[in-house]
Amino acid sequence: MLVPSPAGSPVTGLEVIGTIGFAVSGAMAATRQRMDVFGVTVLGVLAAIGGGTLRDLLLSEPVSWLRHWWPIALAAGTAVA
């Protein structure tokens, strides 16, 4: 069962830090392959939400980014920046 966390909880802070970190790593990998801005954004978003998606699917939980828009927006913004 997915327990919602309040907006200011430490869990949400860790999710933000993890999303930013993985978006940066995906964007750096795309940059090393000389991808354009669209490729950098897509790879950054995939890296940022991919692990959480796999975790949710293996635990038979609803995929979190389908219910909340902020992980995709944060990952895309981080990858482009």
Margin query: If the elastic network links every pair of Cα atoms under 10 Å, which of THR19, THR53, THR41 fluctuates the most in the Gaussian network model of the chain?
Written below: THR53
Checklist line | Most to least packed among 54-66, 27-39 [average Cβ atoms within 10 Å] | finding: 27-39, 54-66
Notebook entry, point to check: Which one, (i) 314; (ii) 104; (iii) 84, gives volume of the Cα convex hull per residue in Å³ as derived from the coordinates shown?
Noted result: (iii)
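Values in this text are rule-based calculations from the coordinates and carry no lab data. Computed from a predicted model, the values in this text were never measured in an experiment. Don't worry about glycine lacking a Cβ; one is built from the backbone with ideal geometry, like all the others, and counts go over all protein chains shown.
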